[in-house]
Amino acid sequence: MAQLFVGTSGWAYPSWKPDFYPQKLAQTKFLQHYSTQLNAVEVNFTFRQLLKDTTAQKWIAETPDNFRFGIKAHQVITHIKRLKGTEEFVPRFFSTIEPLARAGKMGPVLFQLPPNMKADARVLQEFLSIVPRGVQAAFEFRHESWWSEEIYSLLKACNRALCVAETEERVTPDVVTADFAYYRYRKPTYSGEERQAMVRRMQEHRAEGRDVFAYFKHEESPQGALYAVELLREVGE
């Protein structure tokens, strides 16, 4: 059956004690404990730094076989070059996360575009052609001009997921464009009814054979991590 991977966008938060982490747990043990409660995390610091091999090997050693690291693409690709002229940097970026892929612990790579970047189908199509085919990739479009059938068709043709991002300002249309689904839940709080709707949607995806990756907001409050634990339990992982 298709799998559900749920987590938050980070784990190094002492303020999550004692609700998520035990009060006396050393920060060096946070990832190890996190991976006993959740089976995925979205790594945001790769947006600003290239992953070192020593760090990747440490993460691999501290997490179980079924754990997945989602990776946010570097800002050079999405914010500085804005998907253009990235032919040299993209292979370099992917080479740094290759250890996670070899270990079977890499989730999708998220390409999060700037809010002021408007739709350009030609730029997207050219960029899609240089993303390694064997890698799961998702795209978070933060300008509404991207939400069109033309863009969805380009994603579908390459089996790339439309990231369904939910914030207080905007909600991406929940359109399936790949054989997996990718959700980013960014609101600070969710009602019980909203969380049950998430459970139903996850179950629909899995029934149709799609793996699901879902990440809650991290920040200083442990609420997102607690929501993630609840969702994973509710869907029966």
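What about GLN125, is it closer than 22 Å to PHE67 by Cα and among the polar types (S, T, N, Q)? Full working, then the answer.
Working: closer than 22 Å to PHE67 by Cα: no; among the polar types (S, T, N, Q): yes.
Here the answer is no, as GLN125 does not meet what is asked.
What number of residues in the stretch 124-153 are touching a Leu at 6+ places or on another chain (Cβ under 7 Å) and within 16 Å of ALA181 (Cα to Cα)?
The initial filter retains those residues of the stretch 124-153 that are touching a Leu at 6+ places or on another chain (Cβ under 7 Å), namely 124-125, 127-128, 138-142, 151-152.
Those still in the list that are within 16 Å of ALA181 (Cα to Cα) too: 138-141, 152.
Counting residues in the stretch 124-153 that are touching a Leu at 6+ places or on another chain (Cβ under 7 Å) and within 16 Å of ALA181 (Cα to Cα) gives 5.
Return only the number of the condition from (1) on the phi < 0 side of the Ramachandran plot; (2) within 18 Å of the chain's Cα centre (by Cα); (3) open to solvent by 50 Å² or more (accessible area, probe 1.4 Å) that TRP147 does not satisfy.
(2)
Answer yes if at least one residue in the stretch 12-29 is within 25 Å of ASP179 (Cα to Cα) and of a type in the set (Ser, Thr, Tyr), and no otherwise.
Checking the stretch 12-29: not a single residue is within 25 Å of ASP179 (Cα to Cα) and of a type in the set (Ser, Thr, Tyr).
Is it the case, given these coordinates, that PHE141 is surrounded by 14 or more Cβ atoms within 10 Å (Cβ to Cβ), within 30 Å of LEU226 (Cβ to Cβ) and aromatic (Phe, Trp, Tyr)?
Working: surrounded by 14 or more Cβ atoms within 10 Å (Cβ to Cβ): yes; within 30 Å of LEU226 (Cβ to Cβ): yes; aromatic (Phe, Trp, Tyr): yes.
So PHE141 passes the test.
Among the residues of the stretch 95-109 satisfying the criterion of being among the small types (Gly, Ala, Ser) and assigned to a loop (DSSP other than H, G, I, E, B), which is nearest to the chain's Cα centre (by Cα)?
Just the residues of the stretch 95-109 that are among the small types (Gly, Ala, Ser), to begin with: 95, 101, 103-104, 107.
Now restrict to residues that are assigned to a loop (DSSP other than H, G, I, E, B): 103-104.
Values: ALA103: 18, GLY104: 16 Å.
Checking each candidate, the answer is GLY104.
Which of (1) closer than 15 Å to TYR227 by Cβ; (2) under 13 Å from the mean Cα position of the chain (by Cα); (3) not basic (Lys, Arg) does GLU193 not meet, given it meets every other one?
With respect to (1) closer than 15 Å to TYR227 by Cβ; (2) under 13 Å from the mean Cα position of the chain (by Cα); (3) not basic (Lys, Arg), GLU193 is out only on (2).
Pairs please, first residue from the stretch 21-41 and under 21 Å from PHE213 (Cβ atoms), second anywhere and open to solvent by 80 Å² or more (accessible area, probe 1.4 Å) and part of a loop (DSSP other than H, G, I, E, B), Cβ atoms under 6 Å, 6+ apart in sequence or on different chains.
As it stands, the answer is ASN39/ASN66, since those pairs meet every condition given.
Kindly provide the set of residues from the stretch 163-210 that are surrounded by fewer than 19 Cβ atoms within 10 Å (Cβ to Cβ) and among the β-branched types (Val, Ile, Thr), ordered by number.
Listed by number, the residues that qualify are THR167, VAL171, VAL175, VAL176, THR189, VAL199.
Only one residue in ARG82, ARG92 is surrounded by fewer than 18 Cβ atoms within 10 Å (Cβ to Cβ), assigned to a helix (DSSP H, G or I) and out of contact with any strand residue (DSSP E or B) (no Cβ under 9 Å at 6 or more places or on another chain). Which one? Before you say what the answer is, go through the steps one by one.
Values: ARG82 fails: assigned to a helix (DSSP H, G or I).
That would be ARG92, the only listed residue that is surrounded by fewer than 18 Cβ atoms within 10 Å (Cβ to Cβ), assigned to a helix (DSSP H, G or I) and out of contact with any strand residue (DSSP E or B) (no Cβ under 9 Å at 6 or more places or on another chain).
List pairs: first residue in the stretch 193-208 and touching a residue at least 40 places away in the same chain (Cβ under 8 Å), second residue assigned to a helix (DSSP H, G or I) and surrounded by 12 or more Cβ atoms within 10 Å (Cβ to Cβ) anywhere in the structure, Cβ distance under 9 angstrom, at least six positions apart or on different chains.
MET202/LEU231; MET202/GLU234
Within the stretch 211-224, can you find the residues that are surrounded by 19 or more Cβ atoms within 10 Å (Cβ to Cβ) and more than 12 Å from ALA40 (Cβ to Cβ)?
From the stretch 211-224, those surrounded by 19 or more Cβ atoms within 10 Å (Cβ to Cβ) are 211-218, 222-224; that's our starting set.
Answer for the stretch 211-224, where residues must be surrounded by 19 or more Cβ atoms within 10 Å (Cβ to Cβ) and more than 12 Å from ALA40 (Cβ to Cβ): LYS217, HIS218, PRO222, GLN223, GLY224.
Looking at the stretch 112-137 only, could you name the residues that are without any contact (Cβ under 8 Å) to a residue 60 or more places away in the chain and in a strand (DSSP E or B)? I'd like the intermediate steps shown before the answer.
If we filter the stretch 112-137 for residues that are without any contact (Cβ under 8 Å) to a residue 60 or more places away in the chain, which is where we start, we get 113-137.
Matches in the stretch 112-137: ALA137 only.
Take ILE151 and decide whether it is in a helix (DSSP H, G or I), aliphatic (A, V, I, L, M) and in contact with a helix residue (DSSP H, G or I) (Cβ under 9 Å, 6 or more places away or on another chain).
On the way: in a helix (DSSP H, G or I): yes; aliphatic (A, V, I, L, M): yes; in contact with a helix residue (DSSP H, G or I) (Cβ under 9 Å, 6 or more places away or on another chain): yes.
The answer is yes for ILE151.
The values are calculated or read from the model by the stated rules, or taken from the named source; none is laboratory data. Fair warning: this is a prediction, and the values are worked out from it, not measured in the lab. Note: ideal-geometry Cβ built from the backbone for every residue, glycine included; neighbour counts use all protein chains shown. Quick note on the areas: whole protein, heavy atoms, side chains included, nothing else; ligands and nucleic acids left out. Shrake-Rupley method; radii C 1.70, N 1.55, O 1.52, S 1.80 Å.
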